[in-house]
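Values quoted throughout were computed directly from the atomic coordinates according to the rules given, and no laboratory measurement underlies them. Given the structure is predicted, the values throughout are model-derived calculations rather than measurements. FYI the Cβ positions are ideal-geometry reconstructions off the backbone, even for glycines, and counts take in every protein chain you see.
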Amino acid sequence: MADTVLYEVSDGLATITLNRPEAMNALNIATKAALREAAESAAGDPAVRAILLTAAGDRAFCVGQDLKEHIGLLASDRATGSGQTMSTVKEHYNPIVRALTGAQKPVVAAVNGVAAGAGFGFALAADYRVVADTAAFNTSFAGVALTADSGISWTLPRVIGPSRAADLLLFPRSISAQDALELGIANRVVPTAELRAEAEKTARALAEGPTVAYAAIKEAMAYGLTHSLDETLEKEDELQTRAGGSEDHAIAVQAFVNKEKPKYLGR
């Protein structure tokens, strides 16, 4: 894994850190490949019970595609006729978003600064967003004559509604942390100096929680967005049966009866 993405697992929490602060954590090829590797590793590791996605520095969470590298790649495409530059969506962005949204465990994004383009998309792929009060969001795609990627055409309308999503995608502009909170993009806004501690506290609380239930909640919500009520009720029955058979459920019920705090095993 490249040093542009740091990966650490501790007590059930996988922390993925974008580590190009000098470039506002822009996504060059090495960073995208490393982020894909980290996201897929965290999603697939049974020892990981929650994921924290964050970034180094205090200016940016991720400003999306590294346009300096992108210019050179486009020139190479024109010279060779290869058209390989935009394959990054299929090769990198899509697998990263699938890993985060499909992880059978909660994902928390700690948004420390500007989240633009794919950076915005990756933040939206998380289940919960803790946002610094100095952070900002920008779709940015239309500003460079591109369409949405990194799942944002799916996630953004579901978070803020189709009309507002169309407004932000057609007229890219900076959205403050407070506006993001009011729109539902941010779950919590905290002082910048407290962001890392608060986000890690949130992620660790989830890592210590009933992982099977969290996975079922994620699956149920994703399913319900694209299926009828009757189909969703059937899915809820299926998932509740799974959760009800988990060790964590038995632990929770016994702890409730004993008036104790449950100590979940994540299975």
Report the trypsin sites (Lys or Arg not before Pro) located in the range 94-187 that are in a DSSP loop and have at most 16 other Cβ atoms inside 10 Å of their Cβ, or state none. Arg173
Note, the range 171-188: 3J(HN,Hα) by Karplus (6.51, -1.76, 1.60, θ = phi - 60°), whole Hz, Gly/Pro = x, goes 10, x, 6, 6, 10, 5, 4, 5, 5, 5, 5, 5, 7, x, 5, 9, 7, 9
Give me the lysines in straight-line cross-link reach of Lys259: C-alpha distance below 25 Å, same-chain residues under 8 apart excluded. Lys201
J(HN,Hα) series, the range 233-244, from Karplus relation 6.51 cos²θ - 1.76 cosθ + 1.60, nearest Hz, glycine and proline x: 4, 5, 5, 4, 4, 4, 6, 5, 4, 5, 5, x
Extended-chain gain in nm, criterion 0.36 nm per residue less alpha-carbon gap, Arg188 and Lys68: 39.9 nm
Counting helices only, and only those DSSP H runs with n ≥ 4, report the 222 nm mean residue ellipticity of the chain as the sum of -39,500 (n - 2.57) divided by its residues, in deg cm²/dmol to the nearest 500. -14500 deg cm²/dmol
DSSP beta bridge pairing in the chain, given as percent antiparallel to the nearest 5: 25 percent
Amide H neighbours of Arg129 at under 5 Å, excluding residues fewer than 5 places away on the same chain, with H built from the backbone geometry, are Ala109, Asn187, Arg188
The long-range amide H neighbours of Ala26, using H built 1.01 Å from N in the peptide plane and a cut-off of under 5 Å, are Val63
For the chain, take the longest principal axis of its alpha carbons; what is the angle in degrees between that and the long axis of helix 195-207, to the nearest 10 within 0 to 90? 40 degrees
Could you give me D for the chain, from Stokes-Einstein at 20 °C and 1.002 mPa s, where the hydrodynamic radius is the Kirkwood radius over C-alpha pairs? Units µm² s⁻¹, please. 111 µm²/s
